[in-house]
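Notes follow the structure.
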Amino acid sequence: MRVGRRDVMKASALLAASAWAPVAIARDTRDHGVRIRDLLSRMTLSEKIGQMNQIAGGRQKALNSRLDAAMLDRVRRGEMGSFLHVAGAEPLRRLQKIAVEESRLGIPLLFAMDVIHGYRTTLPVPLALAAGWDPAMMERAAALMAEEAWAAGLHWTFTPMVDVARDPRWGRVVEGAGEDAYLGSRMAEAQVRGLEGPVRRAREPLARGRVLSCSKHFVGYGAVAGGRDYDSADVSERTLHEVYLPPFHAAMRAGSGSFMTAFNDVAGVPMTANEALVRGKLRERWGYQGLVVSDWNAIPELISHGVAATPAEAAALALHAGVDMDMASSTYADHLATAVAADASLVPLIDQAVMRILMTKARLGLFDDPYRFGDAAREKAPLARGTARELATRSIVLLRNEGAVLPLKPTARIALIGALADDASSELGSWRARGQAEDAVTLRRALPQAVYDPGTDPAAAARVAANADVVLLVIGEDYDMTGEARSRSDIGLPGDQQALTEAVRGAGKPIVAIVMGGRPLALEHALTGIPAVLQTWFLGIEGGPAIADVLMGKVSPAGRLPIAMPRTTGQVPMTYAHVPTGRPANPDLAVDSARYHDTDIGPVFAFGHGLSYTRFGYAPLTIEPRGDATVIGVVVSNDGAVAGDEVVQLYIRDPVASVARPVAELRGFKRVTLAPGERRTVRFTLAHAQLALWKAGAWMIEAGTIEVMVGSSSADIRQRGRFTVGAGQGSDPAASIATRVEVA
Ligand code: BGC
């Protein structure tokens, strides 16, 4: 006979402290800790290990497909704590019911999925959203994803990816916020806020429509050698602290309830086994209390890394490191007991891990009501097309606009060329959850007045171009060229598109290149002689209409590159925030300097670059000390004829320090909307802790002069100033600290 949950709770009151009492921590969330410790005291070792086991309930494209009878029996036996690649309000409710009513302790399961940039409503890919340079917009995107995922019964999504990426050969650059630690930190916290809501008090359950975030991949994954996915990362302590760790710190401060360890090693220690960084830095030094999950199958892969000889050794290493849950490999489930038999000191580590898993479930409110996620009616709600279009429009970056080719004249005869202009599947980008290609509106559909040619025959395309007033040439990558395991050694224009570009150029008409893709491509050569260029990424289901809005001038573009666009592949990795050398890059090739001989210095389009249909003016800076901070003010004006957004960017530099400091570091930005003729004052309050550098295990503020640069991009600085600071010490990673920005 199966007992209902109510019976279970009644029985639990009678059985109080008995070893067989079912879960009795319902209703009262006031004291999660005490109740969970009590529950823990009643669990067998195998039930504890079961909680640490996360199993794929399906595949990415066949969700729930593995939930067969044998799997459900494992749930009844308490052999798993979580499923991933599952979804659907009804199926997940049924699955949860089995865990709650038919397993000995009735502990609810955690349901997880990769909802990366939309569940059903596919929004722009994360890199594109980051190009909005607008944390509030990123937060809205995450909140919409959370709501749809929540409606489908999901508790947990493996987002945000907060890995800083300075090497666009790495395919996963599409999933993050680009090259910068400060921008990345703001985007990380915005995503966490959107997914989980405002930071909660310890006992407060997650609100309706919110899901648990997972900040990943801790840490250094973006620094993999050669941009090859899963490869080794060898970063200095300083770079690790100043560049790769800050977005994780920001995500933690924003309340991210879980973290995922990265596949890579850092200086030879795989992150899945990296006790110094996971248990030491994240938990002990930063005080992170949330759940840590491994990446997919990463625990047994410790054997391939060459740091464990057996699965039991791998399990013990991951547990020591502080990995609470094993994603997909069953190594904890199958080998942790063997490891414990050999080493009883693992038992308290298991208890800690299980505590954190159960606390996570409690903080989601699952012990109060295991069915509080999921809403079959909301699950069928219409797609949020309005939001999708607005976010897509805000993500577009105008890279070049010579001779004001854009916006297009309403009467212009338009040729639209290139297969990507009609590739609905590519609009969805990498990771698509429940997104459907048939829901995506391509540029071809959004511009029915244009004469379309797929570009498969360059000569035919050139003829179409010759008959038009203006040519929209859609080039770049398709969705399958970036993403996990999609690193590329050549990030130039793929396939035959160079020949197509040359043929179309030969028609002699003004060209607007519309560049799609999940990474900045190295297109200096391809774009030569093309007067207008739009970077349009993968914009989601409303990509076509959003691009059309910008082309036709309904909206003035205002996105900015969150990562520079290199001239050639050979230049990467690169960043605007490089440290100066003894022989700085010199345009004169006769001077021996830090540059390549066969290409110009720097990227073709810089970090932070993006144009508008209007022009903005910057008045000289005001700089005032205020306690442990300095306030930098600037009046920005719209000096053109149309409304537009400017992204005001603040960079700093410490010109003389005990170690070489980056030539510029972003420390503030604000996207402001200005009507023609309008002016506004933007005030940045820069705390001196934001100037600290990592030295000898501490955040040191060195006394001296700090230069500030304010402008429209890292390469378009309009105003400069300086101030002095006294010596001091910070406590948090400098780039993780948000600058207060006021607009008056
Ligand atoms: C990826 C993670 C992802 C996980 C689950 C892994 O291969 O690295 O980012 O969350 O799979 O799908």
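The values are calculated or read from the model by the stated rules, or taken from the named source; none is laboratory data. Quick caveat, the model's predicted, so the values are computed rather than measured. With ideal geometry, Cβ positions are generated from the backbone for all residues, glycine too; neighbour counts draw on all protein chains shown.
Against the condition of a type in the set (A, V, I, L, M, F, W, C) and under 24 Å from the mean Cα position of the chain (by Cα), how does ALA594 come out, does it pass? Against the criterion (of a type in the set (A, V, I, L, M, F, W, C) and under 24 Å from the mean Cα position of the chain (by Cα)), ALA594 does not qualify. Pairs needed: first member in the stretch 251-264, at pLDDT 95 or above; second member anywhere, within 12 Å of the ligand (Cβ to nearest atom) and of a type in the set (Phe, Trp, Tyr); C-beta distance under 6 Å; at least 6 residues apart or different chains. Final answer for the pair search is PHE259/PHE218; THR261/PHE218; ALA262/PHE218; ALA262/TYR221; PHE263/TYR230; ASN264/TYR221. Look at the stretch 169-187: where a residue is on the phi > 0 side of the Ramachandran plot and a partner is assigned to a loop (DSSP other than H, G, I, E, B), sitting 6+ places away or on another chain with Cβ atoms under 6 Å, you get GLY178/PRO562; GLY178/ILE563.
With respect to the conditions (1) touching a Lys or Arg at 6+ places or on another chain (Cβ under 8 Å); (2) closer than 30 Å to PRO370 by Cα, SER213 falls short on a single one, namely (1).
Which one is surrounded by the most Cβ atoms within 10 Å (Cβ to Cβ) among residues in the stretch 185-221 that are more than 16 Å from the ligand (Cβ to nearest atom) and under 20 Å from TYR576 (Cα atoms)? It would help to see each step written out before you state the result.
First, the residues of the stretch 185-221 that are more than 16 Å from the ligand (Cβ to nearest atom): 185-187, 189-190, 193-194, 196-210.
Okay, now just the ones that are also under 20 Å from TYR576 (Cα atoms), so 185-187.
Working: SER185: 30, ARG186: 25, MET187: 32.
Among residues in the stretch 185-221 that are more than 16 Å from the ligand (Cβ to nearest atom) and under 20 Å from TYR576 (Cα atoms), the one surrounded by the most Cβ atoms within 10 Å (Cβ to Cβ) is MET187.
Within the stretch 682-705, the set of residues being of a type outside the set (A, V, I, L, M, F, W, C), out of contact with any helix residue (DSSP H, G or I) (no Cβ under 6 Å at 6 or more places or on another chain) and under 17 Å from ALA629 (Cβ atoms) comprises ARG683, THR685, HIS688, GLU702, GLY704, THR705. Here is the figure for the stretch 448-468: residues that are part of a helix (DSSP H, G or I) and surrounded by fewer than 18 Cβ atoms within 10 Å (Cβ to Cβ) total 4.
Scan the stretch 176-228 residue by residue and report those that are of a type in the set (Gly, Ala, Ser) and in a loop (DSSP other than H, G, I, E, B). Outline the logic, then answer.
Step one: filter the stretch 176-228 for residues of a type in the set (Gly, Ala, Ser), giving 176-178, 181, 184-185, 188, 190, 194, 197, 202, 207, 209, 213, 215, 220, 222-223, 225-227.
GLY176, ALA177, GLY178, GLY197, ALA202, ALA207, GLY209, SER213, GLY220, listed by residue number.
Of all residues in the stretch 329-352, at least one satisfies being small (Gly, Ala, Ser) and either over 27 Å from GLU79 (Cβ atoms) or within 16 Å of the ligand (Cβ to nearest atom) (or both). Take the residues in the stretch 229-243 that are in a loop (DSSP other than H, G, I, E, B) and among the hydroxyl-bearing types (Ser, Thr, Tyr), then tell me which one is surrounded by the fewest Cβ atoms within 10 Å (Cβ to Cβ). Among those residues, the one meeting the criterion is SER236. Could you please let me know if ARG203 is touching a helix residue (DSSP H, G or I) at 6+ places or on another chain (Cβ under 7 Å), modelled with pLDDT under 95 and either within 30 Å of ARG661 (Cβ to Cβ) or in the same structural domain as HIS117 (by TED's automatic domain parsing) (or both)? Taking the combined requirement at face value, the residue satisfies it.
Look at the stretch 76-98 and say how many of its residues are out of contact with any strand residue (DSSP E or B) (no Cβ under 9 Å at 6 or more places or on another chain), buried (at least 16 other Cβ atoms within 10 Å of the Cβ) and farther than 21 Å from MET145 by Cβ.
Pass one, the stretch 76-98, residues out of contact with any strand residue (DSSP E or B) (no Cβ under 9 Å at 6 or more places or on another chain): 76-78, 88-91, 93-94, 97-98.
Right, trim to buried (at least 16 other Cβ atoms within 10 Å of the Cβ) and you get 78, 88-89, 91, 97-98.
Next, only the ones that are farther than 21 Å from MET145 by Cβ stay: 78, 97-98.
The number of residues fulfilling the criteria is 3.
Looking across TYR596, TYR613, one residue alone is more than 24 Å from VAL173 (Cβ to Cβ) and either touching a His at 6+ places or on another chain (Cβ under 9 Å) or at pLDDT 95 or above (or both). It is TYR613. The residue of the stretch 703-738 that is surrounded by the fewest Cβ atoms within 10 Å (Cβ to Cβ), among those that are of a type in the set (Val, Ile, Thr) and in contact (Cβ under 8 Å) with a residue 40 or more places away in the chain, is THR705. Condition first: in contact with a helix residue (DSSP H, G or I) (Cβ under 7 Å, 6 or more places away or on another chain) and outside any loop (DSSP other than H, G, I, E, B). Can you find one or more residues in the stretch 521-531 that meet it? There is no residue in the stretch 521-531 that is in contact with a helix residue (DSSP H, G or I) (Cβ under 7 Å, 6 or more places away or on another chain) and outside any loop (DSSP other than H, G, I, E, B).
For the stretch 284-341, name all the residues that are of a type in the set (D, E, K, R), crowded, with 17+ Cβ neighbours inside 10 Å and assigned to a helix (DSSP H, G or I). Lay out the reasoning, then the answer.
Keep residues of the stretch 284-341 that are of a type in the set (D, E, K, R), which gives 284-285, 295, 301, 313, 324, 326, 334.
The next check asks that each one be crowded, with 17+ Cβ neighbours inside 10 Å; those that pass are 295, 301, 313, 324, 326.
Residues satisfying the conditions are GLU301, GLU313.
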